[in-house]
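Engineer: Got a structure here, written out as structure tokens. Questions coming.
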Amino acid sequence: MGKVRDWKLWYEQPAQAWEEALPIGNGRIGAMVFAGTDIDQILLNEDTLWAGFPRDPINYEAQRYLAKARDLIFSGKYAEAERLIESTMQGRDVEPYLPLGGISIVRREDRELDVSQYIRELHLNEGIASARYRDGAVTVQTQYFVSVPDQALVVRYEAAGGTLNRDIVIDSLLQYRLAESGDGQLHLIGQAPSHVAGNYHKDHPMDVVYEEGLGLPFEIRVKVETDGTVKNGEKGIEVRNASYLHIYLTAETGFAGYDQPPDQEACSARCSIRLEAAARGFEALRSRHAEDHRLLFDRVSFSLGNETDGADKPTDRRLADYQTTKQDLYLEALYFHFGRYLLMGSSRPGTQPANLQGIWNHHVSPPWHSDYTININTQMNYWPAEVCNLSECHEPLFAMLKEMSEAGSRTARIHYGSRGWTAHHNVDIWRMTTPTGGSASWAFWPLGGAWLVRQVWESYLYSLDKDFLGETAYPLLKGAALFCLDWLVEGPNGDLVTNPSTSPENKFLTSDGVPCSVSYGSTMDIAIIRDLFRNCLEAIDLLGVEETQFRDELLASLDRLPAYKIGRHGQLQEWYEDFEESEPGHRHVSHLYGVYPGKEINENTPELLEAVVATLDRRLANGGGHTGWSCAWLLNLFARLKDEKQAYGAVQTLLARSTYPNLLDAHPPFQIDGNFGGSAGIAELLLQSHLGTIDLLPALPASWANGRISGLKARGGYIVELEWENGTLKRAAIEAGRSGVCKLRYAGAIRVEDGQGTAARLNDGCFVAEQGCTYYVYADAKA
């Protein structure tokens, strides 16, 4: 498929706002680079810096009211039940993810600023931001990256035709002080709030609370290396008459675990050790960083036909033009790569998982707490992890799931008298799994964990790693299933239903015309549980474990789960009853879980597929898909439906309506899930494998007549390359990671050859593949 192409975002002016700044990160430290000429600002985050401290969020009175709530719901008194739940069975909000601080590099020349030929770039292949410009007779070049191997932010300034005079200053929006440090060094010591309240209505007089001894300690250390003169001034480091300067920044918090008190001494020691490691110098740091980054990024290549190399037009102008034309093959491919880049930058082994803003948040009281919202958003963050060949980036989510299962077992037992573990719609670094305060429509939904564990099952399906299945995935799956077995109760018609039940964040109209969220047996609840139970049964068989009682419980409950229902509008019902929707164009399409990310509704269930199409038509006719992530979900749904026209329309809408100039997703405001869902959806247009076949170009948009992609993963342990011309498969390469039967599907006839050009014997698209071998697939015009 040829040399891996270089992909970049570029601009002809410094960033004037956060939505124009360039994100760089290593999963732990995130930075937004403005690349200014007078003041060069870099906003910083550290993935464990959250408000709060370990404490007990359990509502010990919740179970007292569970039976009464169920009785009210089964009696049709939905609004009364909702009021009871909100007043007695919920709790407090999660704590937010916080900004760490900022570093500013301030120009201190004795002449007027005279900028020309300015270029600012973000090189996705290497994970390096840069800028270059002329300041009078001096050419200034800058580079910025955050290293995974060396856990540091590194900045380089270089001058040609003159020298640099700069001040380096660090600060924070949180409480902090500057400690004494050596020449050319800065040391910031801070403390996070013990609590930050949601204050969307600006009605809380003390929404940010600091308490001595509570709240996470944090530190930032900076070291400057230069050939100029250096001295520590009143506010920072002063560098004069330099031809270059290097800035090395490390940051740490005292976070010691979700259930452990903070450790100030360890924080300080780690930060100091990290800074000492930067002594290997800029070139070595850059080389180590780029090598690590490219090992992941270069696994996948993707380009569309004869699109430009991106050098003809700045990214912000491309995006502005796209809002009118909705045509730019380069921008569409760049958007796919940018999503992969962001996942690499916000989720690496040993870090926290990517949250609502990835790791890039500049608010002390951020939108939706910048938390883990697990009724769609955290799941969507990880949709591209496997198919886009970034399985390592999945690991932080699995580590969080284990911790959630520990905390969630108390929630299950004390709130609901259930086995296993549960989690509701919001989680923070303290692994809060209890329901938050606020409307039951979002707060009271105890199946967040049951959905989120689908990610470990998906990871197994891609790798077929039985050690991972037995040691990591199965315990999480079983714990979530045990909770669901106990959460199910017999409904009025004798089937098993969830009660109380919501369809996340949506509401129906009661017979009195009152918007309400609480009923029983929502479609999403039952779809998740059915999917989870079946996955557990398959895992039991694969592992060969003795689970007779558990298996019997799963089978007995599966037989009693209610079937999907089709409503009066021909739509797939969202609730057990055919309620009218309070908001027919709602952003969530939770009841379509069985299409994507699930697989229960597919071409083998044509009546249900027809109802899904009617559901989507009705949602869109009433304004659905209006947020970035919601549009990304529609993209994946239409891809599964093989409706390439509407799927491509979702790609266009994401870029034209829901993308900021720096290509980050606009909810609005910024949420990163739309970027990840967009990349996953683009992959889904080109390759699907959820039904046991490798489906080649299943929903190829007409506008993508020519293209190629390599490095995608398919379930079953395969790596896939695809190349197409004039909308037709030219060649595919299938690398088998396991021996066994490989089943292919394509719209036309195909032939398969091994590496020696010998034709493989095809039987209904199936052939026998051997581990480590690559097989080549061609459209067969003679067939």
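Engineer: Return one number: the angle in degrees, 0 to 90 and rounded to the nearest 10, between the long axis of the Cα atoms of helix 264-277 and the longest principal axis of the Cα atoms of the chain.
Structural biologist: 60
Engineer: Another question, if that's okay. Give me the net charge for the shell around I39: Cβ to Cβ below 14 angstrom, other residues only, Lys and Arg +1, Asp and Glu -1.
Structural biologist: Here the charged neighbours net out to -2.
Engineer: While we're here: Roughly speaking, to the nearest percent, how much of the stretch 502-615's 1.4 Å accessible area is carbon and sulfur?
Structural biologist: 47
Engineer: Of the accessible area of the stretch 65-163, with the probe set at 1.4 angstrom, what percent is carbon plus sulfur?
Structural biologist: Of all accessible area on the stretch 65-163, carbon and sulfur atoms account for 43 percent.
Engineer: Taking a cut-off of 26 Å between Cα atoms, list the lysines near K231, but don't count ones fewer than 8 places away on the same chain.
Structural biologist: K223
Engineer: Between the alpha-carbon centers of the stretch 346-415 and the stretch 480-499, tell me the distance in whole angstrom.
Structural biologist: That distance is 27 Å.
Engineer: Here is a follow-up. Using a 1.4 Å probe on the protein heavy atoms, what percent of the accessible area of the stretch 297-356 belongs to carbon and sulfur?
Structural biologist: Carbon plus sulfur share of accessible area: 42 percent.
Engineer: Here's something else I'd like to know. Percentage of Cα-Cα pair distances in the chain greater than 41 Å, rounded to whole percent?
Structural biologist: Percentage above 41 Å: 34.
Engineer: Can you list the aspartates and glutamates whose alpha carbon sits under 20 Å from that of K326, skipping same-chain ones fewer than 8 residues off?
Structural biologist: E307, D309, D312, D316, D643, E644, D665
Engineer: Can you give the net charge of the other residues whose Cβ lies under 10 Å from the Cβ of C631, counting K and R as +1 and D and E as -1?
Structural biologist: Summing Lys/Arg as +1 and Asp/Glu as -1 gives +1.
Engineer: Mind listing the long-range amide H neighbours of D780? Cut-off is under 5 Å, sequence gap 5 or more, other chains count too, H placed in the peptide plane at 1.01 Å from N.
Structural biologist: A749, I750, R751
Engineer: Next question. Report, by chain and number, residues whose modeled amide H sits under 5 Å from the one on Y775, excluding near sequence neighbours (fewer than 5 apart, same chain).
Structural biologist: Hits under the 5 Å cutoff: I734, E735, A736.
Engineer: Let me ask you something else. On a 0 to 90° scale, report how tilted helix 329-346 is relative to the longest principal axis of the chain, with both axes built from alpha carbons and the result rounded to the nearest 10.
Structural biologist: 90
Engineer: Moving to a separate point now. Hand me the chymotrypsin sites (Phe, Trp or Tyr not before Pro) from the stretch 14-63 located in a DSSP loop with no more than 11 other Cβ atoms within 10 Å, in residue order please.
Structural biologist: Sites meeting the loop and neighbour criteria: Y60.
Engineer: Which three numbers, in whole Å and largest first, are the semi-axes of the equivalent ellipsoid of the stretch 686-783 derived from its Cα gyration tensor as √(5λ)?
Structural biologist: 20, 15, 12
Engineer: State the three equivalent ellipsoid semi-axes of the stretch 361-471, derived from the C-alpha gyration tensor as the square roots of 5 times its eigenvalues, in descending order and whole Å.
Structural biologist: For the stretch 361-471, the semi-axes come out at 24, 19, 11 Å.
Engineer: Okay, next question. Sequence-distant or interchain residues sharing an amide H contact under 5 Å with L164, placed H: which?
Structural biologist: It is N241, A242, S243, by chain and number.
Engineer: Short version: ³J(HN,Hα) in whole Hz for each residue of the stretch 386-401, in order, from phi by Karplus 6.51 cos²θ - 1.76 cosθ + 1.60 (θ = phi - 60°), x for Gly and Pro, what are they?
Structural biologist: 7, 4, 8, 6, 10, 4, 4, 5, 6, 4, x, 5, 5, 5, 5, 4
Engineer: For the stretch 579-687, what is the accessible area per residue in Å² when the probe is 1.4 Å?
Structural biologist: On a per-residue basis, the stretch 579-687 sits at 27 Å².
Engineer: I'd like to check one number: the per residue accessible area of the stretch 446-538, probe 1.4 Å, reported in Å² as a whole number.
Structural biologist: So the stretch 446-538 comes to 26 Å² accessible per residue, rounded to a whole number.
Engineer: What is the sum of charges around E238, taking Lys and Arg as +1, Asp and Glu as -1, for the other residues whose C-beta is under 11 Å from the C-beta of E238?
Structural biologist: Combined, the nearby Lys, Arg, Asp and Glu give +2.
Engineer: Pairs to check: K402/K478; K8/K313; K466/K599. Give those whose C-alpha atoms are more than 19 Å from each other in this structure.
Structural biologist: K466/K599
Engineer: Quick one: check the C-alpha center-to-center distance for the stretch 586-639 versus the stretch 84-112, whole angstrom.
Structural biologist: One Cα centre to the other: 34 Å.
Engineer: If the cut-off is a Cα-Cα distance under 19 Å, which lysines reach K68, setting aside same-chain residues fewer than 8 apart in sequence?
Structural biologist: K68 reaches K77.
Engineer: Cα atoms only, the stretch 1-59: Rg and Dmax in Å?
Structural biologist: Expressed in Å, the Cα Rg and Dmax of the stretch 1-59 come to 17.9, 59.
Engineer: Show me, bin by bin at 5 Å from 0, the whole-percent P(r) of the stretch 170-264 based on Cα pairs.
Structural biologist: 3, 12, 18, 17, 14, 12, 10, 7, 5, 2, 0
Engineer: What is the helix-to-structure angle for 628-640, meaning the angle in degrees between its Cα long axis and the longest Cα principal axis of the chain, kept from 0 to 90 and rounded to the nearest 10?
Structural biologist: It works out to around 50 degrees.
Engineer: Per residue, how much accessible area does the stretch 1-123 show when a 1.4 Å probe rolls over the protein heavy atoms, in square angstrom?
Structural biologist: 40
The values are calculated or read from the model by the stated rules, or taken from the named source; none is laboratory data. Note that the structure is predicted; figures quoted are calculated from it, not measured. Counting neighbours? That spans all protein chains shown, and the Cβs are built from the backbone with ideal geometry, glycine included. What goes into the accessible areas is simple: the full protein's heavy atoms, side chains included, and nothing from ligands, DNA or RNA. Shrake-Rupley method; radii C 1.70, N 1.55, O 1.52, S 1.80 Å.
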